[in-house]
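The values are calculated or read from the model by the stated rules, or taken from the named source; none is laboratory data. Every value quoted in this text rests on a predicted model; they were computed, and no experiment measured them. Positions of Cβ are generated from backbone atoms using ideal geometry, with glycine treated the same way; all protein chains shown enter the neighbour counts. These accessible areas exclude ligands, DNA and RNA; they are computed on the full protein's heavy atoms, side chains included. Shrake-Rupley method; radii C 1.70, N 1.55, O 1.52, S 1.80 Å.
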Amino acid sequence: MTSPAYSHHFSINNLPFGVASSSQHPQPQCATRLNNTVIFLGDLQRAGLFSQVSGLPAGTFDNSTLNAFAALDKPVHKQVRQALQSALQESGVEHLPTGSMEPITAVQMHLPVSIPAFTDFSCSLDHVKNAGRAILNDETPPPGFFHFPIGYGSRASTIVPSGTPITRPLGHFYDRSAPTEKKPVIYEPSRAMDYEVEIGAVVGKPLPPHHGLNAKDADEHIFGLVILNDWSARDIQGLEMVPLGPLNGKAFGTTISPWIVTLDALEPFKAPGPEPRVSLPRHLQDTVDFNYAISMKVELEHGASTTLLSESQARDLFWSCRQMCAHLASTGCDLRTGDILGTGTGGKVPLALSDGSPRHFLQDGDVVRMSAVAGDVSSGVGFGECVGELKPARAVQ
């Protein structure tokens with residue numbers, strides 16, 4: 001079941017999209033959320049609420065993913081959201097069709113989209129410096145960082161919805177505890193588990209191969225945004241990143257929040273990003289207000305204690321979600337509905353726990369809880385939570 005603690009994130013100014021099920025709606029289907037009420041959109045479509053929406057096929061919201069809806073043109077998304085806002089403003093939830101609503105505590109949230117591909121970028125200048133110091137003992141940004149958003153292809157199949165446990169991975173890494181000067185490579189459960197708080201852009205309308213895309217036009221292909229926790233095994237990652245890049249240090253679990261917040265809901269919170277450091281090619285040139293004023297928070301729960309680990313601002317990202325899309329498409333790559341593009345983390349180094357004990361990496365039983373809100377809490381536009389508990393590794397065979 002889903003926590004009711006984020007009711008204030010889901011005002012009528014938000015109306016995000018997700019996929020939910022319950023005892024009354026046993027088949028997962030498309031839904032939205034108003035405060036702590038989940039509204040099943042298939043029920044509303046059958047009742048004729050969207051009859052004036054042009055270009056919305058019958059049965060779109062009965063699907064177990066949002067892909068069919070997300071792939072439609074942006075004006076359709078906008079009309080559906082406007083129809084919902086109009087109905088709720090006029091009559092409130094109590095006048096929606098009987099049985100179309102359930103409390104958030106009664107539903108199970110699912111992955112909102114079927115995900116063909118997951119590409120993780122590194123869009124934060126502070127993060128690439130921090131990562132360079134931690135992994136390679138060199139904070140110099142990679143040569144391409146100021147020219148394009150650097151990234152790598154990750155494993156879409158390992159993305160899970162908020163609330164799904166994450167198992168500590170097994171992998172190869174240097175045994176730093178060995179008494180010898182030359183540290184041996186061992187295969188054991190990771191000893192350096194970490195989190196990365198990110199924004200995930202969800203592709204809506206697909207882009208064909210060899211079509212290309214300008215960043216300024218990319219909003220037409222972004223359905224919305226989610227919180228993304230790119231769980232990381234730093235010791236495994238450190239060994240495999242020379243000479244190629246992350247693989248098993250990342251490809252064991254990525255958590256996303258269940259509600260996709262649309263760009264329409266985020267429009268009032270556009271914010272300027274950092275100035276480019278070099279002259280950019282046309283396809284990567286973006287508008288001045290290319291970021292969003294989204295405040296992100298990470299908390300660690302262990303036993304009865306809760307510690308604030310980090311706070312960060314999405315507006316500080318050096319590259320925008322639109323630029324990530326444009327860079328992928330620049331070689332002729334396609335964009336497919338449901339693709340997720342992660343921004344990379346903007347978080348700070350964790351501090352001591354609330355009981356005063358130092359902590360460098362995550363322990364089994366730790367619960368990492370991320371949340372994000374656009375503007376301030378009074379805006380009513382937030383993402384809810386993205387939460388996962390770290391479980392012990394499986395036995396080494």
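Packing here is the average count of other Cβ atoms within 10 Å per residue, and on that basis the peptides 321-333, 62-74, highest first, run 321-333, 62-74.
Structural descriptor for segment 1-109: relative contact order 37 percent, calculated from alpha carbon pairs under 8 angstrom and at least 6 residues apart.
Once the convex hull of all Cα atoms in segment 7-110 is built, its volume per residue stands at 92 Å³.
Per residue, the solvent-accessible area of segment 291-332 (1.4 Å probe, heavy atoms of protein chains only, all protein chains present) comes to 36 Å². Pairwise Cα distances in segment 232-311 exceed 17 Å in 73 percent of cases. Counting only protein heavy atoms and a 1.4 Å probe, tell me what percentage of segment 7-110's accessible area is made up of carbon and sulfur. It is 49 percent, rounded to a whole number. Quick one: which of 129/182; 74/297; 250/391; 78/205 span more than 18 angstrom between C-alpha atoms? Cα-Cα > 18 Å for 129/182; 74/297; rest within.
Dipole orientation for segment 118-391: of the candidates 343, 162, 184, 184 has the Cα lying most toward the positive pole (charges on Cβ; Lys, Arg +1; Asp, Glu -1).
Using C-alpha pairs under 8 Å with a sequence gap of at least 6, the mean separation divided by the residue count of the chain gives a relative contact order of 22 percent. Helical runs (DSSP H, four residues minimum) scored at -39500 (n - 2.57) apiece and divided by the length of the chain put the mean residue ellipticity at 222 nm at -3500 deg cm²/dmol. When peptides 107-116, 335-344 are ranked by their average number of other Cβ atoms within 10 Å per residue, the highest-first order is 335-344, 107-116. Residues considered: 133, 369, 81. Largest GNM mean-square fluctuation over the chain, using C-alpha springs under 10 Å, is found at 133.
Label zone (residue 114, point 7 Å along Cα-to-C-beta; backbone nitrogen cut-off 19 Å) within segment 154-179: 155-161.
Eigen-decomposition of the gyration tensor built on the alpha-carbon atoms of segment 69-183 gives equivalent ellipsoid semi-axes of 45, 22, 13 angstrom, largest listed first. With each label modelled as a point 7 angstrom along the Cα→C-beta vector, the residue 64-residue 106 pair spans 2.3 nm. Per-atom-type breakdown for segment 118-391 gives carbon and sulfur 53% of the accessible area (1.4 Å probe, protein chains only).
Probing with 1.4 Å while keeping every protein chain in the model, the per residue accessible area of segment 7-110 equals 42 Å².
Which FRET efficiency value, to the nearest 0.05, do you get for residue 24 and residue 178 by plugging their Cβ-Cβ distance into 1/(1 + (r/R0)^6) with R0 = 51 Å?
On the way: r = 57 Å, r/R0 = 1.12.
Plugging the Cβ-Cβ distance into 1/(1 + (r/R0)^6) gives 0.35.
All other residues whose Cβ lies under 14 angstrom from that of residue 288 are scored, Lys and Arg at +1 and Asp and Glu at -1, for a net of +1.
Each of the peptides 219-225, 150-156 was scored by the mean count of other Cβ atoms within 10 Å over its residues; in descending order, highest first, they stand as 219-225, 150-156.
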